[in-house]
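Taking it in order: structure first as structure tokens, then the write-up.
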Ligand code: NCD
Ligand code: ZN
């Protein structure tokens, strides 16, 4: 196959940050995707509808004029989020979900939730008002091995949440393990998951064998090959519970290439190309459109997009960096060749 045309896709899990870096990252996403679920883990976090609307405007300012892109905003849950704010969010056409970060689990999660059971009344309100809950599913316990944190979260918290709030729509974000895939498959139809390109393409050897490679470091951390295979199987199965969410997470190169490097892979420059490579390797390019363009929109009860994008089988080399100076970002597969290229629209 030399070209692949699919309905314009959506990115159901994206970090774009705020300030100057928006100008570097927004054109990448807006070229590829019609819409994206925007993560609220700014410093300080986006916890109210008012803040999210201001952030939304800032994002729109950074979208090139010739591109049509809609940010789908989310709010960051804290121990002090109120039921009144959940009502406000549910009434807003711009707010599409709440994000739960266990406190300390990942980048900018310090204001996250320390006691998940204590916010059950908020989950009850979300269930009743039918607004989705997006979960970073990792325990933060120091005693828990970092490669086990997702699996342990399922038994410690996730089953409790799904049992207590059977009507709540939940996205288990960026699943990375066979156990999370199985949990989502066996759960009710209102439980779904996003899968990133890096977790489909790489196992932990990419990050740790032959030298430590910080640009492959993200959370949840990339796991062993058996887990990657389970993720590829889920993503290419045609099961609508699994859909595209890049988790593209820009950090300045200097903060990644450091004695204590930040978590997050930048993939917005070539998100569809990376997914296409993973689907092609699994001989499942015919399943890419559902995963990228239909199932996420259906889950969020948004209309499917009307335009298309075309990928061409043309090799190209990813540049070493995007952006200038201190804010420059090293993309996934920097200086390496990709097999697919998004055609100019
Ligand atoms: C994300 C970030 O940098 O904001 N980092 C990451 O490793 N994925 C946060 C997140 O989604 O965990
Ligand atoms: Zn993320």
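Numbers for the structure displayed
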read-out	value
Any hit, region 238-250, residues being more than 11 Å from ligand 1 (Cβ to nearest atom), over 15 Å from the mean Cα position of the chain (by Cα), surrounded by fewer than 18 Cβ atoms within 10 Å (Cβ to Cβ) and in a loop (DSSP other than H, G, I, E, B)	yes
Helices (runs of 4 or more DSSP H) contained in region 56-161 and holding at least 1 residues within 16 Å of ligand 2 (Cβ to nearest atom) and more than 18 Å from residue 40 (Cα to Cα)	149-153
From the options 194, 176, residue that is within 29 Å of residue 341 (Cβ to Cβ) and in a loop (DSSP other than H, G, I, E, B)	176
Single condition residue 85 does not satisfy, out of (1) in contact with a strand residue (DSSP E or B) (Cβ under 8 Å, 6 or more places away or on another chain); (2) surrounded by fewer than 18 Cβ atoms within 10 Å (Cβ to Cβ)	(2)
Criterion: within 14 Å of the chain's Cα centre (by Cα), assigned to a helix (DSSP H, G or I) and within 16 Å of ligand 1 (Cβ to nearest atom) - qualifying residue of 292, 271	271
Any hit, region 163-173, residues being within 15 Å of the chain's Cα centre (by Cα) and either in contact (Cβ under 8 Å) with a residue 40 or more places away in the chain or in a helix (DSSP H, G or I) (or both)	yes
Residue count for region 1-33, restricted to those that are more than 14 Å from ligand 1 (Cβ to nearest atom), under 28 Å from residue 310 (Cβ atoms), at pLDDT 95 or above and in a loop (DSSP other than H, G, I, E, B)	3
Number of positions in region 302-332 that are touching a residue at least 40 places away in the same chain (Cβ under 8 Å), farther than 21 Å from residue 22 by Cα and surrounded by 13 or more Cβ atoms within 10 Å (Cβ to Cβ)	9
Residue within region 209-217 that is buried (at least 23 other Cβ atoms within 10 Å of the Cβ), within 16 Å of ligand 2 (Cβ to nearest atom) and within 26 Å of residue 253 (Cα to Cα) present	no
Which numbered condition residue 91 misses (of (1) without any contact (Cβ under 8 Å) to a residue 60 or more places away in the chain; (2) surrounded by fewer than 20 Cβ atoms within 10 Å (Cβ to Cβ); (3) under 21 Å from residue 194 (Cα atoms))	(3)
Meets criteria (assigned to a strand (DSSP E or B) and either within 15 Å of ligand 1 (Cβ to nearest atom) or surrounded by fewer than 19 Cβ atoms within 10 Å (Cβ to Cβ) (or both)) for residue 36	yes
Among residues of region 174-191, those that are under 19 Å from residue 132 (Cα atoms) and within 16 Å of ligand 2 (Cβ to nearest atom), counted	3
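The values are calculated or read from the model by the stated rules, or taken from the named source; none is laboratory data. Given the structure is predicted, the values throughout are model-derived calculations rather than measurements. Neighbour counts run over all protein chains shown; Cβ positions are idealised from the backbone, glycine included.
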